[in-house]
Amino acid sequence: MKRILTYGTYDLLHWGHINLLKRAKQNGDYLIVGLSTDEFNQIKNKKAYHSYEVRKTMLEAIRYVDLVIPESDWEQKIQDIKDLKVDVFVMGDDWKGKFDYLEDYCEVIYLPRTEGISTTKIKKDLFSDSTER
Ligand code: C2G
């Protein structure tokens, strides 16, 4: 049972998120998502539209996701990897290099981001009344 771990805010769920989770799951058998709490989003300077509970419910409905845990600070990753016996840590490559220190504890994989979609873009497009292109 190969266990995979990734983290994120996953607000206004979109196909870039789904694409990441789908490819992350392809690296093993059990996918754990560390979901940023509302408080941690403030630390990340991110304003999520949906609350932690709503974002957690939406993630749990995705076939690729097996477990959602709270991400409440930047420092919990090593302990999470140890406690959850994680084999592979996966993030989108906008984070490339940022988590190489985790290679002492598990495999680290950065996957290409899905171009053309982001929560920020959705908000901007909705505000400017444009539609998906
Ligand atoms: N992502 C992607 N393609 C996009 C948008 C996002 O592959 N078009 C990926 C990101 O690279 C990340 C995941 O989807 O791996 C979740 O994205 P966010 O919710 O924006 O996560 P972020 O705010 O980057 O939080 O400790 C790590 C942080 O919590 C990561």
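Details
- Packing, taken as the mean count of other beta carbons within 10 Å per residue, orders the peptides 32-39, 97-104 from highest to lowest as 32-39, 97-104.
- Normalised per residue, the volume of the convex hull around the Cα set of segment 22-67 (Å³): 81
- Per-residue 3J(HN,Hα) values for segment 110-116, derived from phi via the Karplus relation 6.51 cos²θ - 1.76 cosθ + 1.60 with θ = phi - 60°, read 10, 9, x, 5, 7, 6, x Hz in sequence order (x marks Gly and Pro).
- Note on the chain: Kirkwood radius taken over Cα pairs, Stokes-Einstein applied at 25 °C and 0.890 mPa s, translational D equal to 161 µm² s⁻¹.
- When the P(r) of segment 90-133 is calculated, the portion above 18 Å amounts to 47% of the C-alpha pairs.
- Of the residues M58, G8, Y101, the one whose Cα sits farthest toward the positive end of the charge dipole of the chain, with +1 on the Cβ of Lys and Arg and -1 on the Cβ of Asp and Glu, is M58.
- Across the cross-link table entries K44/K96; K82/K121; K22/K123; K46/K98; K25/K124; K44/K124, which are compared at the Cα atoms, the separations over 27 Å belong to K82/K121; K25/K124.
Each reported figure results from applying straightforward, stated rules to the coordinates on display, with no laboratory input. Just so it is clear, the structure is predicted and the values come from calculations on it, not from any experiment. Cβ sites come from the backbone with ideal geometry, for glycine too, and all protein chains shown count toward neighbours.
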